[in-house]
Amino acid sequence: MRIFLDTANIDEIRQGVEWGIVDGVTTNPTLIAKEGADFEKRVKDICQLVQGPVSAEVISLKWDVMVEEARKLAAIDDYVVVKIPMTPDGIKAVRILSAEGIKTNVTLIFSANQALLAAKAGATFVSPFIGRIDDNGNDGVKLLDEIIQIYSNYGFDTEVIAASIRHPMHVVEAAMIGVDIATIPFDVLKKMFIHPLTDAGIKRFLQDWEAYQKGKEQ
Ligand code: E4P
């Protein structure tokens, strides 16, 4: 499973890349706004850092303006993937962009039918928002499962990004059903390293080693 970081924060991305486990990045207007950075410059900087797919979202809701915006975003860097919202206009834009070889990530997916339409339009990625589905009293991981089954039934190339991840168990559940990618907030990624028995084990090994060294000195 590939791991994307769901952030526009350069320090978080640099740390993830240094760990050697980050394959790409997803941003959205909320995450960019949180950083207060120039949008295009930030997207370029992230592409240079991560050297993998970097999703940058269009703002327009009209298909023709979306297509123009998408072409400009795609011109920033070869790694840019244009994020398009799941609407009829969005799907029309994805079909046009796909024919031009521009990579797309259809975002705000909340049903299997939406994912089916996005794949039919030639989307490179779809992003089902599993955390927001759970927040709404439904089962986000079940939706991932349905999409994977449908894509496998018909041999769609569209890759599934588990998005809106809230905690490490979401990552485990997504990995268990074979999702292609999970886009993970930095605080969740950090939690994935942690286990109290690992910390206790290290402490014990160091104590035993110290005692052994002291014993040799006597
Ligand atoms: C995905 O690409 C989105 O940026 C993100 O996962 C949304 O997550 P949220 O529901 O925590 O805002």
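The values are calculated or read from the model by the stated rules, or taken from the named source; none is laboratory data. Given the structure is predicted, the values throughout are model-derived calculations rather than measurements. Quick reminder, even Gly has a Cβ in these numbers, built from the backbone with ideal geometry, and neighbours come from all protein chains shown. To get the accessible areas, we keep the full protein, side chains included, count just its heavy atoms, and leave off ligands, DNA and RNA. Shrake-Rupley method; radii C 1.70, N 1.55, O 1.52, S 1.80 Å.
Where does the chain land at 222 nm, in deg cm²/dmol rounded to the nearest 500, when only DSSP H runs of n ≥ 4 count, each adding -39500 (n - 2.57), divided by all residues? It would help to have the intermediate numbers written out before the result.
Values: 11 runs with 123 residues, N = 218.
Roughly -17000 deg cm²/dmol at 222 nm, from the helical runs in the chain.
Compute the long axis of helix 196-217 from its Cα atoms, compare it with the longest principal axis of the Cα atoms of the chain, and write down the angle in degrees, 0 to 90, nearest 10.
Approximately 30 degrees, to the nearest 10.
Using a 7 Å offset from the Cα along the Cα-to-Cβ direction at both Gln51 and Arg132, what is the distance between the two label points in nm, to one decimal?
So the two model labels end up 3.3 nm from each other.
Where the accessible area of the chain is counted over protein heavy atoms with a 1.4 Å probe, how much of it, in %, is carbon and sulfur?
Working: 6210 of 11580 Å².
Whole-percent figure for carbon plus sulfur exposure: 54.
As I understand it, the value is the acute angle between the Cα axis of helix 39-50 and the longest principal axis of the Cα atoms of the chain; what does it come to in degrees, rounded to 10?
It is inclined by approximately 50 degrees.
Under 5 Å between amide hydrogens, which residues at least 5 positions from Thr104 or on another chain qualify, with H placed 1.01 Å from N in the peptide plane?
Val82, Thr124, Phe125
Please list, in order along the stretch 13-26, the HN-Hα scalar couplings obtained from phi with the Karplus expression 6.51 cos²θ - 1.76 cosθ + 1.60 (θ = phi - 60°), rounded to whole Hz, x for Gly and Pro.
Karplus values, whole Hz, x for Gly and Pro: 5, 4, 4, x, 5, 5, 5, x, 10, 10, 9, x, 9, 10.
Taking amide hydrogens as modeled 1.01 Å from N in the peptide plane, which residues meet the under 5 Å criterion relative to Asp180, leaving out close sequence neighbours?
Counting only residues 5 or more places away or on other chains, the set is Val160.
Could you estimate the translational diffusion coefficient of the chain from the Stokes-Einstein equation, with Rh from the Kirkwood formula over C-alpha pairs, at 37 °C and 0.692 mPa s, in whole µm²/s? Please list the in-between numbers first.
Details: Rh = 18.5 Å.
Translational D for this selection: 178 µm²/s.
On a 0 to 90 degree scale, rounded to 10, what angle separates helix 140-154 from the longest Cα axis of the chain?
Approximately 60 degrees, to the nearest 10.
Just tell me which lysines come within less than 26 Å, Cα to Cα, of Lys44; anything on the same chain fewer than 8 places away is out.
Lys44 reaches Lys34, Lys62, Lys72, Lys83, Lys103, Lys190.
Calculate, for the stretch 2-217, the solvent-accessible area per residue in square angstrom, rolling a 1.4 angstrom probe over the heavy atoms of the protein chains. Please report the intermediate quantities before stating the final value.
On the way: 11290 Å² over 216 residues.
For the stretch 2-217, the per-residue accessible area is 52 Å².
By how many nm would the segment from Ser98 to Val172 grow when fully extended, if each residue of separation counts as 0.36 nm and the alpha-carbon distance is taken off? Before the final figure, lay out each step's value.
Working: separation 74, 0.36 × 74 = 26.64 nm, distance 3.13 nm.
Working it through step by step, the gained length comes to 23.5 nm.
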